[in-house]
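Chemist: What follows is a single structure, and I will ask about it in a moment.
The values are calculated or read from the model by the stated rules, or taken from the named source; none is laboratory data. What you see is a predicted model, and the numbers here were worked out from it, not measured in a lab. Don't worry about glycine lacking a Cβ; one is built from the backbone with ideal geometry, like all the others, and counts go over all protein chains shown. What goes into the accessible areas is simple: the full protein's heavy atoms, side chains included, and nothing from ligands, DNA or RNA. Shrake-Rupley method; radii C 1.70, N 1.55, O 1.52, S 1.80 Å.
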Amino acid sequence: MTKILAITNQKGGVGKTTTSVNLAASLAASGKRVLLVDLDPQGNATMGSGTNKQTVKVTIYHVLLGDATIEEARVSNPKGKYDLIPANRDLAGAEVEMVNFPQREARLKLALESIQESYDYVLIDCPPALNLLTLNGLCAAHAVMIPMQCEYYALEGLSDLVNTIKRVRSNFNPTLRIEGLLRTMFDPRNILAQQVSDQLQQHFGDKVYRTVIPRNVRLAEAPGFGLPVLYHDGQSKGAQAYLDLAKEILSA
Ligand code: ATP
Ligand code: MG
């Protein structure tokens, strides 16, 4: 059965896109059929997957507005071995344009229905906001993956996100679960990071993935080449960490 995962955190720069792109590539490397949906007007997952957001013609924006089918927007990505639904800055206008649409929160869910059976995993890279785009991601998803940095304010932001998920559950998507919390850009020598990590485990228990993503420069470089880190430097700690994460998810 297809599993649809929204990768979300309203906090910016916590590793959502890095996780989306590299988990997509790692799951695909394990032989899974993967679709990555870029749901962020920044288009970072699009660029990081080797697709030029400036020149791409059909994007998730056209799909959400009903101007194109999701098949028309799909890009096969031989480098990462997963497929992509791209995004660019056009998407920033979607929120306003969808306001009067019926079921405006379910546009992505409905769009995915025709192709999701072709995939084992659909990953949705959400923007850093609790807006209508993110709501579309949460309504389409079976579960949520929350990347986070182990910093002081991270826990505060997390309770807002957990409350949002509860509200989405009671209003739109009753079976939405938290799949897991992922510690990103982790530096084990940082005492505060250790403390926050411990608190996270006390509070969320086995919802916290065992796999920890270390801070690794190869992960930051790879998008510049339009490649998942696996195909930029497969031996790097970052590549190995995302392969471990894929393994952990597949064995759950
Ligand atoms: P936004 O909220 O803007 O969408 P994001 O949550 O998607 O951001 P990323 O874009 O994945 O976060 O990461 C933010 C920055 O940190 C990027 O420059 C990325 O290359 C870098 N980065 C992410 N993870 C790591 C890591 N494990 N090691 C080193 N750099 C990282
Ligand atoms: Mg991002």
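Chemist: If you go through the stretch 210-252, how many residues are within 11 Å of Leu23 (Cβ to Cβ), more than 9 Å from ligand 1 (Cβ to nearest atom) and not in a helix (DSSP H, G or I)?
Modeler: 2
Chemist: From the list Leu27, Leu23, Leu64, which residue is of a type outside the set (Phe, Trp, Tyr), within 16 Å of ligand 2 (Cβ to nearest atom) and in contact (Cβ under 8 Å) with a residue 40 or more places away in the chain?
Modeler: Values: Leu27 fails: within 16 Å of ligand 2 (Cβ to nearest atom); Leu64 fails: within 16 Å of ligand 2 (Cβ to nearest atom).
Going through Leu27, Leu23, Leu64 in turn, just one is of a type outside the set (Phe, Trp, Tyr), within 16 Å of ligand 2 (Cβ to nearest atom) and in contact (Cβ under 8 Å) with a residue 40 or more places away in the chain: Leu23.
Chemist: Which residues, counting only those in the stretch 30-61, are part of a helix (DSSP H, G or I) and within 16 Å of ligand 2 (Cβ to nearest atom)?
Modeler: The first filter runs over the stretch 30-61 and keeps only residues part of a helix (DSSP H, G or I), leaving 44-48, 60-61.
Within the stretch 30-61, Asn44, Ala45, Thr46, Met47, Gly48, Ile60 qualify.
Chemist: Being among the basic types (Lys, Arg) and either within 16 Å of ligand 1 (Cβ to nearest atom) or modelled with pLDDT under 95 (or both) is the filter here; which residues of the stretch 23-64 pass it? So that I can check it myself, show each step before the final result.
Modeler: Taking the stretch 23-64 as the starting set, the residues that turn out to be among the basic types (Lys, Arg) are 32-33, 53, 57.
Of everything in the stretch 23-64, just one residue is among the basic types (Lys, Arg) and either within 16 Å of ligand 1 (Cβ to nearest atom) or modelled with pLDDT under 95 (or both), namely Lys53.
Chemist: Let me ask you something else. Kindly indicate whether any position in the stretch 4-15 is more than 12 Å from ligand 2 (Cβ to nearest atom), under 17 Å from the mean Cα position of the chain (by Cα) and open to solvent by 10 Å² or more (accessible area, probe 1.4 Å).
Modeler: Step one: filter the stretch 4-15 for residues more than 12 Å from ligand 2 (Cβ to nearest atom), giving 4-6.
If we keep only those that are under 17 Å from the mean Cα position of the chain (by Cα) as well, we get 4-6.
Pick out the ones that are also open to solvent by 10 Å² or more (accessible area, probe 1.4 Å) and you get none.
No, because not a single residue in the stretch 4-15 is more than 12 Å from ligand 2 (Cβ to nearest atom), under 17 Å from the mean Cα position of the chain (by Cα) and open to solvent by 10 Å² or more (accessible area, probe 1.4 Å).
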